[in-house]
Amino acid sequence: MMKISIEISLYPLAENKYKDEIWAFIDTLNQTEGIEVRTNGMSTQVFGEYEHTLHHVTQQMKAVHEKLNTAVFVLKIMGCDRSHR
């Protein structure tokens, strides 16, 4: 099984409550079984099985775009498990 590590930064282009949107995105990922989520002040790191993790991350990105219409995501994707480093 191939593992993936994704670093995600979300920039909602909203004038207010942008932090609420970021935390809602992170909370949804945290509720997804089979995905490990770590958060710091600059980004969120997501680890798990490649297809499962990428599917759920992109699903949540789509939900944010549908809700906000104006949001920017910056992703770094590595085709291995960096969660133990």
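Scan the stretch 33-54 for residues that are modelled with pLDDT of 95 or more and more than 11 Å from the chain's Cα centre (by Cα) and the total you get is 7.
Give me a count of the residues in the stretch 40-58 that are in contact with a strand residue (DSSP E or B) (Cβ under 8 Å, 6 or more places away or on another chain) and open to solvent by 40 Å² or more (accessible area, probe 1.4 Å).
The initial filter retains those residues of the stretch 40-58 that are in contact with a strand residue (DSSP E or B) (Cβ under 8 Å, 6 or more places away or on another chain), namely 42-50, 52-54, 56-57.
After this cut, where a residue has to be open to solvent by 40 Å² or more (accessible area, probe 1.4 Å) as well, the list is 42, 49-50, 52, 54, 56.
Qualifying residue count for the region: 6.
Screening the stretch 1-25 for residues that are under 22 Å from L68 (Cα atoms) and assigned to a loop (DSSP other than H, G, I, E, B) and picking the one that is least open to solvent (accessible area, probe 1.4 Å) gives A14. Being open to solvent by less than 90 Å² (accessible area, probe 1.4 Å) and part of a loop (DSSP other than H, G, I, E, B) is not true of A63. Looking at the stretch 58-85 only, could you name the residues that are modelled with pLDDT of 90 or more, over 14 Å from K3 (Cα atoms) and β-branched (V, I, T)? Answer for the stretch 58-85, where residues must be modelled with pLDDT of 90 or more, over 14 Å from K3 (Cα atoms) and β-branched (V, I, T): T58, V64, V72, V74.
Listed here are the residues, each with its yes/no results for (1) among the charged types (D, E, K, R); (2) free of Cβ contacts under 8 Å to residues at least 24 places away in the same chain.
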site: M1; (1), (2): no, no
site: E7; (1), (2): yes, no
site: D20; (1), (2): yes, yes
site: E36; (1), (2): yes, no
site: Y50; (1), (2): no, no
site: L54; (1), (2): no, no
site: V74; (1), (2): no, no
site: M78; (1), (2): no, no
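Mind telling me which of the residues T32, T28 ends up being part of a helix (DSSP H, G or I), surrounded by 12 or more Cβ atoms within 10 Å (Cβ to Cβ) and of a type in the set (V, I, T)? Just a single option satisfies the conditions, and that option is T28. Scanning the stretch 55-85 for residues that are of a type in the set (V, I, T), closer than 13 Å to L10 by Cβ and more than 10 Å from the chain's Cα centre (by Cα) turns up V64, T70, V72.
The values are calculated or read from the model by the stated rules, or taken from the named source; none is laboratory data. Because the structure is predicted, anything quoted here is derived from the model rather than measured. Heads up, the Cβs are rebuilt from the backbone with ideal geometry, glycines too, and the neighbour counts pull from every protein chain shown. Protein only, heavy atoms only, side chains kept; ligands, DNA and RNA dropped before computing areas. Shrake-Rupley method; radii C 1.70, N 1.55, O 1.52, S 1.80 Å.
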